[in-house]
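The values are calculated or read from the model by the stated rules, or taken from the named source; none is laboratory data. Just so you know, these numbers come straight off a predicted model, no measurement behind them. Here the Cβ is made from the backbone with ideal geometry for all residues, glycine too, and neighbour counts use every protein chain on show.
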Amino acid sequence: MRSLFLVALLALLAGCQASDTNPVEAPDTDAAQTELLDTADAADAPASAADAPAVYAVMFYADWCASCKALDPKVEDVWPTFAGQSVERVTLDFTDDATSAEAQEQAASLGLSEIYEADAGATGFIVLVNTATGEPVGRIVRDDTPEQIQTKVEEALAQA
C-alpha cells in the first residue's frame, strides 16, 4: 500500500514538473490593470480641493482595541455638534491584514499617506488633519472627555 502511494505521488510530481517546463503564457494585463487603477483613483478623489472638508478626523481603529471601544461612544456623543461643518470622520481599520491593506489604500486616496505611515498599526486615537496642508493639527485620545474632544475639533476647524 505504501509503495502504491509513493508511485502515485511520484507520478503527480512528474506531471507538475512537466507542466512547469511548458508554461502557458498569460496575456499581458498590466496596461488594463493600470487603466482600472487610474479610473478607481479618479473616482475616489474629490472633484476639487473645494469639495474636500477642511479637517479630517482620522480614527486609527481595530475591533479588538480597548481604547477604540472607550473612545468611540464619546466621539459619537459629540459628533452631532459638527453637523454641517467642514469636518469629515475617516476610519482606518487595522483589525486584520485585509482591513489594514484597505486602510492604506483609503489613506492614499485621501492624501493621508504620511499620516498613515506615521501611526500605521497603532490604534485607539484620532488624528485631526488640516486637509489644505496635510499636517496633523490635533490628537484625540481615549482619556479625553467629550468636552475636550469638542474643543480639539473646534480648534482644528479654526486653524483650517
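Return yes when D72 is more than 18 Å from D119 (Cα to Cα), touching a helix residue (DSSP H, G or I) at 6+ places or on another chain (Cβ under 6 Å) and modelled with pLDDT of 95 or more and no when it is not. Write out each step before concluding.
Details: more than 18 Å from D119 (Cα to Cα): yes; touching a helix residue (DSSP H, G or I) at 6+ places or on another chain (Cβ under 6 Å): no; modelled with pLDDT of 95 or more: yes.
No; evaluated as a whole, the condition is false for this residue.
Suppose we keep only residues that are touching a strand residue (DSSP E or B) at 6+ places or on another chain (Cβ under 8 Å) and exposed (fewer than 15 other Cβ atoms within 10 Å of the Cβ) within the range 119-138. Which one would you say is nearest to C65 (Cα to Cα)?
For the range 119-138, the residue satisfying everything is A122.
Being under 21 Å from the mean Cα position of the chain (by Cα) and polar (S, T, N, Q): is that true of T99 here? Reasoning before the result, please.
On the way: under 21 Å from the mean Cα position of the chain (by Cα): yes; polar (S, T, N, Q): yes.
Answer is yes for this residue.
State whether one or more residues within the range 52-67 are modelled with pLDDT of 95 or more, within 23 Å of the chain's Cα centre (by Cα) and assigned to a helix (DSSP H, G or I). Step through it out loud before you land on a result.
At the first step, the residues of the range 52-67 found to be modelled with pLDDT of 95 or more are 53-67.
Narrowing the set further to residues that are within 23 Å of the chain's Cα centre (by Cα) leaves 53-67.
Adding the requirement that they be assigned to a helix (DSSP H, G or I) leaves 66-67.
Checked the range 52-67: at least one residue is modelled with pLDDT of 95 or more, within 23 Å of the chain's Cα centre (by Cα) and assigned to a helix (DSSP H, G or I).
Would it be correct to say that A103 is exposed (fewer than 15 other Cβ atoms within 10 Å of the Cβ), touching a Phe, Trp or Tyr at 6+ places or on another chain (Cβ under 9 Å) and not aromatic (F, W, Y)? Don't jump to the end; show me each part of the working.
Values: exposed (fewer than 15 other Cβ atoms within 10 Å of the Cβ): no; touching a Phe, Trp or Tyr at 6+ places or on another chain (Cβ under 9 Å): yes; not aromatic (F, W, Y): yes.
So A103 does not fit the description; no.
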